[in-house]
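**Student:** One structure, as structure tokens, below. Some questions next.
The values are calculated or read from the model by the stated rules, or taken from the named source; none is laboratory data. Computed from a predicted structure; not experimentally measured. Cβ: placed from backbone, ideal geometry, glycine included. Neighbour counts: every protein chain shown. Keep in mind that these areas ignore ligands, DNA and RNA; they rest on the heavy atoms of the full protein, side chains included. Shrake-Rupley method; radii C 1.70, N 1.55, O 1.52, S 1.80 Å.
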Amino acid sequence: MASQPKVARTDNSEADVEQDAIEKIDEVQNEIDRLNEQASEEILKVEQKYNKLRQPHFSKRNELISRIPDFWLNVFVNHPQLSTLLTEQDEEVLHYLSQVEIEEFEDIKSGFSVTLHFSKNPYFENQFLKKEFHLNESGEPSSKASGIQWKEGKDLTKQSNGDSGKKRSLDSESFFTWFSDTTDAGADELGEVMKDDIWPNPLQYYLSSELEPVSGNLEDEEEDDDEEFDDEEEDEILDDEGDEGEDENAEEAEEDGEN
């Protein structure tokens, strides 16, 4: 009896196998997504727990910081990003900055607030300036600010860009415009810098003022190297001249001996 001819796999059977694999991959992926969502919930609980545990330490740190004059001014001035937003007039106001607070909302993911506390000053009436960042359920960011009650003639956000004392370009704005600008919360990087970079460890930026500029060190080192090289080169020339003199004296003594 002749053997049955082999039947080639049809396109339909290949499509069925592929579709079956896709459905099974989708089921596995759904399980992975479920675990990722569960992990996010667990991570959020841990973050909330430790956020509460950190609060007493933040309070203690603020208490100690209050003993150091101009602590926050130095932090702001020494920070590589924040310093570019400050004019000399802004720095004058920041002499009165006594305390900074960053507070994450209870569920953490929905936003945070930045609060700057000021002692009595000749610039504005506010005892504190506050800006809040919110993220709604759809992920849309928004912000709101307390506003500033400037004293007469002291509003830095309205003064002419041509005023003397400006450290930045003429089209720059005062740092304090940040407390009235709520137009594009999604592009507001300053709030994130304050929360994620400055607030966790402000001391590192305060202490950076005690370090000498790198460029100055390099120039000094180069000058020292040049001087050292010149001294070494001069010593080598003198040594060579001395060696030549000794050789000439030896030759003369030898000639006298022969005579």
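**Student:** How large is the Kirkwood hydrodynamic radius of region 101-161, counting all unique pairs of alpha carbons, in Å? If you can, show how the numbers build up before the last one.
**Tutor:** Numbers: mean 1/r = 0.0745 Å⁻¹.
Kirkwood hydrodynamic radius for region 101-161: 13.4 Å.
**Student:** Treating only the Cβ of Lys, Arg, Asp and Glu as charged (+1, +1, -1, -1), what charge dipole size does region 22-84 show about its Cα centre? Round to the nearest 20 debye. Don't jump to the answer; show the numbers that get you there.
**Tutor:** On the way: 9 positive and 11 negative charges, 162 e Å.
Computed about the Cα centre, the dipole is about 780 debye.
**Student:** What figure, in Å² to the nearest 10, do you get for the accessible area of residue 35 with a 1.4 Å probe and non-protein molecules left out?
**Tutor:** 90 Å²
**Student:** Tally Lys/Arg at +1 and Asp/Glu at -1 over every other residue whose Cβ is under 10 Å from the Cβ of residue 134; what's the total? If you can, show how the numbers build up before the last one.
**Tutor:** Numbers: positive: 144; negative: 132, 140.
Overall, the nearby charge balance is -1.
**Student:** Per Stokes-Einstein, at 37 °C and 0.692 mPa s, what whole-number D in µm² s⁻¹ belongs to region 41-168, with the Kirkwood radius over Cα pairs as the hydrodynamic radius?
**Tutor:** D, rounded to a whole number, is 194 µm²/s.
**Student:** Still on this structure, I have one more. How much of residue 207 can a 1.4 Å solvent probe reach, expressed as accessible area in Å² and rounded to 10?
**Tutor:** 80 Å²
**Student:** From largest accessible area down, sort 77, 100; use a 1.4 Å probe on the protein chains. The partial results should precede the final answer.
**Tutor:** Details: 77 55, 100 5 Å².
The residues order as 77, 100, largest area first.
**Student:** Less than 16 Å apart at the alpha-carbon level, and either on another chain or at least 8 residues along: which lysines does that give for residue 109?
**Tutor:** Qualifying lysines at Cα under 16 Å: 45, 49, 52, 195.
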